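Remarks on the structure that follows.
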Amino acid sequence: MIITISGLAGSGTTTASKILSNKLDIPYISAGDIFRQMAAERNMDILEFSRFAEENDDIDILIDKRQAEIANKSKNLIVEGRLSAHFVEADLKLWFITPVDIRTKRICKRENKPYDVVKEEIISRSNSEAKRYHEIHGIDIKDMGIYDLIINTGNFNAERVADIILKVVEVISCQQ
């Protein structure tokens with residue numbers, strides 16, 4: 001089964017992907033890891049690299065292409081990334097929504113940064129990404145029509161989110 005998990009920074013996509021990967025015993029790949037790796041390779045932080053990527057369409061295209069190629073060669077895989085559902089043929093496409101204050105607190109804890117700094121960064125990053133997605137691919141990140149299930153991860157801890165997804169996977173598996 002191929003599953004895509006998407007959502008804005010701090011919505012819990014990576015955490016849920018790791019939990020599901022363990023529970024389903026299937027691998028996962030992350031667009032965020034690829035993006036951060038590319039930023040580090042250029043000695044840039046995420047915001048600097050986001051701005052750089054705005055001027056270099058090849059960055060987003062390369063990330064999307066790598067994920068799609070890996071998924072096409074896989075029978076079972078979790079693909080985590082904001083646009084994964086747009087480029088990967090999947091049996092289940094998920095989007096996580098979470099209020100900005102909860103996302104900010106999560107990132108503060110993860111990155112040990114002040115709340116105001118993180119909130120400004122994620123709003124700036126979200127705007128930058130939305131602009132790039134529209135300009136490069138013609139994708140409106142706010143259009144949820146492509147997703148099979150949207151989960152408000154602000155209402156559940158990561159284990160409960162994984163449990164919800166596992167129930168959906170069970171239903172899909174029974175239908176196949």
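The values are calculated or read from the model by the stated rules, or taken from the named source; none is laboratory data. Everything quoted here is computed from the prediction, not taken from an experiment. Please note: Cβ atoms are built from the backbone with ideal geometry, for glycine as well, and neighbour counts cover all protein chains shown.
Before moving on, here are some points about what is shown:
- Here Ala90 does not fit the description of being crowded, with 16+ Cβ neighbours inside 10 Å and in contact with a Lys or Arg (Cβ under 6 Å, 6 or more places away or on another chain).
- Among the conditions (1) modelled with pLDDT under 95; (2) within 11 Å of the chain's Cα centre (by Cα); (3) assigned to a helix (DSSP H, G or I), Ala85 misses just one, which is (1).
- Residues in region 112-121 that are assigned to a helix (DSSP H, G or I), without any contact (Cβ under 8 Å) to a residue 40 or more places away in the chain and not hydroxyl-bearing (Ser, Thr, Tyr): Asp116, Val117, Val118, Lys119, Glu120.
- Check on Ile59, farther than 30 Å from Lys105 by Cα, crowded, with 16+ Cβ neighbours inside 10 Å and among the β-branched types (Val, Ile, Thr): no
- Against the list (1) crowded, with 21+ Cβ neighbours inside 10 Å; (2) within 16 Å of the chain's Cα centre (by Cα), the condition Ala53 fails is (2).
- There is at least one residue in region 43-50 that is surrounded by 14 or more Cβ atoms within 10 Å (Cβ to Cβ), without any contact (Cβ under 8 Å) to a residue 24 or more places away in the chain and outside any helix (DSSP H, G or I).
- Out of Phe96, Phe156, sole residue that is within 12 Å of Ala9 (Cα to Cα) and of a type in the set (Phe, Trp, Tyr): Phe96
- Looking only at region 17-53, residues that are in contact with a Leu (Cβ under 8 Å, 6 or more places away or on another chain) and at pLDDT 90 or above come to 7 in all.
- Among the candidates Ile29, Ile78, Ile19, the residue that is assigned to a helix (DSSP H, G or I), surrounded by 14 or more Cβ atoms within 10 Å (Cβ to Cβ) and either touching a residue at least 24 places away in the same chain (Cβ under 8 Å) or within 15 Å of the chain's Cα centre (by Cα) (or both) is uniquely Ile19.
- Tabulated pairs, region 163-176, first assigned to a helix (DSSP H, G or I), second surrounded by 14 or more Cβ atoms within 10 Å (Cβ to Cβ) and of a type in the set (Ser, Thr, Tyr), C-beta under 6 angstrom, 6+ apart or interchain: none
- Boolean, Val100 is of a type in the set (Val, Ile, Thr), under 22 Å from Asn152 (Cα atoms) and touching an Asp or Glu at 6+ places or on another chain (Cβ under 9 Å): no
- Inspection of region 134-147 finds no residue satisfying the criterion of being small (Gly, Ala, Ser) and closer than 20 Å to Gly12 by Cα.
- Hits in region 93-111 (condition: part of a helix (DSSP H, G or I) and buried (at least 22 other Cβ atoms within 10 Å of the Cβ)): Arg103, Thr104
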